[in-house]
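Trainee: Before I ask anything, let me first share the structure, which is written out below as C-alpha cells.
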Amino acid sequence: MKNCVFYGRFSSKKQNETSTEAQLIECKAFAERNGYNIIGEYIDEGISGRSDDRPQFQQMIADSANKTFEFVLVYSLDRFSRSKLNSVKYKAILMTNGVRVISAKENITDDPARSIDRKCL
C-alpha cells in the first residue's frame, strides 16, 4: 500500500461546499479502492483556500520533509489551494520531498505532461 495523508478544508458555513467530514468519507473510499493507506489527517476549517496561512496545511507541508508519506489526498484540487501561485509553489515543495497531490474526484495521471496540474496553472 502507498502511504498518504488526507488534507481537508472548508471555508465557511455560508458556502455550499462539502464538509470536511464528507470529504474524508469520500477520500477513505477512494483510498480503499486504489490501494492507499491514510496515515494522517490535516484539516483546516473556516479558512479560505486563497491564503496559504492555514495552520494544518503548513504543518502538512513541513511534515512532508519527514518522508513518511508519498501522497496528499484531497477531495478535489480546490481543497488544496484556490491560488494558482500557491498551488504551484506548494506542489513543488511537496515534489522535492517525494510527495504528490492526488484528488479523489479529479483524474490526475502519472503522465509527465500532466505532472503539474493544468487546472492550477
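The values are calculated or read from the model by the stated rules, or taken from the named source; none is laboratory data. In this text, all values refer to a predicted model and were calculated from it rather than measured experimentally. A quick note on method: Cβ atoms are made from the backbone with ideal geometry, for glycine too, and the neighbour counts reach across all protein chains shown.
Trainee: Going by the structure shown, is PHE6 over 14 Å from LEU73 (Cβ atoms) and touching a residue at least 12 places away in the same chain (Cβ under 8 Å)?
Mentor: Answer is no for this residue.
Trainee: Looking only at segment 64-88, filter to residues that are surrounded by fewer than 17 Cβ atoms within 10 Å (Cβ to Cβ) and touching a residue at least 24 places away in the same chain (Cβ under 8 Å); which one of those is nearest to GLU21 (Cα to Cα)?
Mentor: Per the stated criteria, the residue is SER76.
Trainee: Find all pairs meeting these conditions: Cβ atoms under 8 angstrom apart; at least six residues apart or on different chains; first residue within segment 21-46 and under 16 Å from MET60 (Cβ atoms) and surrounded by 14 or more Cβ atoms within 10 Å (Cβ to Cβ); second residue modelled with pLDDT of 95 or more and among the acidic types (Asp, Glu).
Mentor: The qualifying pairs are LEU24/GLU41; GLY40/ASP63.
Trainee: Restricting the search to segment 61-107, which residues are closer than 20 Å to ILE39 by Cβ, part of a loop (DSSP other than H, G, I, E, B) and of a type outside the set (D, E, K, R)?
Mentor: If the condition is that a residue be closer than 20 Å to ILE39 by Cβ, part of a loop (DSSP other than H, G, I, E, B) and of a type outside the set (D, E, K, R), then THR68, PHE69, TYR75, ASN97, GLY98, VAL99, ALA104 are the ones that fit.
Trainee: While we're on this one: Being under 13 Å from the mean Cα position of the chain (by Cα) and over 17 Å from VAL101 (Cβ atoms) is true for just one of PHE57, PHE80, PHE10. Which residue is that?
Mentor: On inspection, the qualifying residue turns out to be PHE10.
Trainee: Report, by residue number, each residue of segment 90-115 that is among the acidic types (Asp, Glu) and modelled with pLDDT under 75.
Mentor: To start, the set of residues in segment 90-115 that are among the acidic types (Asp, Glu) comprises 106, 110-111.
Hits for segment 90-115 are ASP110, ASP111.
Trainee: Among the residues of segment 49-63, what is the count of those that are over 13 Å from TYR7 (Cβ atoms) and either surrounded by 14 or more Cβ atoms within 10 Å (Cβ to Cβ) or among the basic types (Lys, Arg) (or both)?
Mentor: So the count comes out to 1.
Trainee: How many residues are of a type outside the set (A, V, I, L, M, F, W, C) and out of contact with any helix residue (DSSP H, G or I) (no Cβ under 8 Å at 6 or more places or on another chain) when one looks only at segment 23-49?
Mentor: The total comes to 8.
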